[in-house]
Amino acid sequence: MFTQPLNLFGNLVITMLVALVPIIVVLGLLAGLRLSAWINAIISSIIIFLVALLWGVPGDNLFHAYVYGLATGFWAIDWIVI
């Protein structure tokens, strides 16, 4: 079972900044570069995968968490649309 390290780099500020990278990328692509949402989702997913692998998350756990989150998001959107 994977246990998430909370202070990966030994410095809480650097760890916090690395954790903020996906959020900064999403906001930068949407507001700064004005990319469409589906392109932003693809690029952000790649960035999130890279940060999670840097964090030490095993690939199978990462894939399962991504698919679970994707299914949950689709369910919420479909529930509203239908």
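The values are calculated or read from the model by the stated rules, or taken from the named source; none is laboratory data. Quick caveat, the model's predicted, so the values are computed rather than measured. Just so you know, the surface numbers come from the protein's heavy atoms only, side chains and all, with ligands and any DNA or RNA stripped out. Shrake-Rupley method; radii C 1.70, N 1.55, O 1.52, S 1.80 Å.
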Using only Cα atoms and rounding to the nearest 10 degrees, what angle (0 to 90) does helix 59-81 make with the longest principal axis of the chain?
30 degrees
Obtain the radius of gyration and the Kirkwood radius of the chain from its C-alpha atoms and give Rg over Rh.
1.03
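Counting heavy atoms of the protein chains only and a 1.4 Å probe, report the per residue accessible area for segment 6-72 as a whole number of Å².
Numbers: 4690 Å² over 67 residues.
Using a 1.4 Å probe on heavy atoms only, each residue of segment 6-72 averages 70 Å².
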Run lengths n ≥ 4 of DSSP H only: what is the helix-derived mean residue ellipticity at 222 nm for the chain, with -39500 (n - 2.57) per run over all residues, to the nearest 500?
-24000 deg cm²/dmol
Considering only protein heavy atoms and a probe of 1.4 Å, how much of the accessible area of the chain is carbon and sulfur, as a whole percent?
78 percent
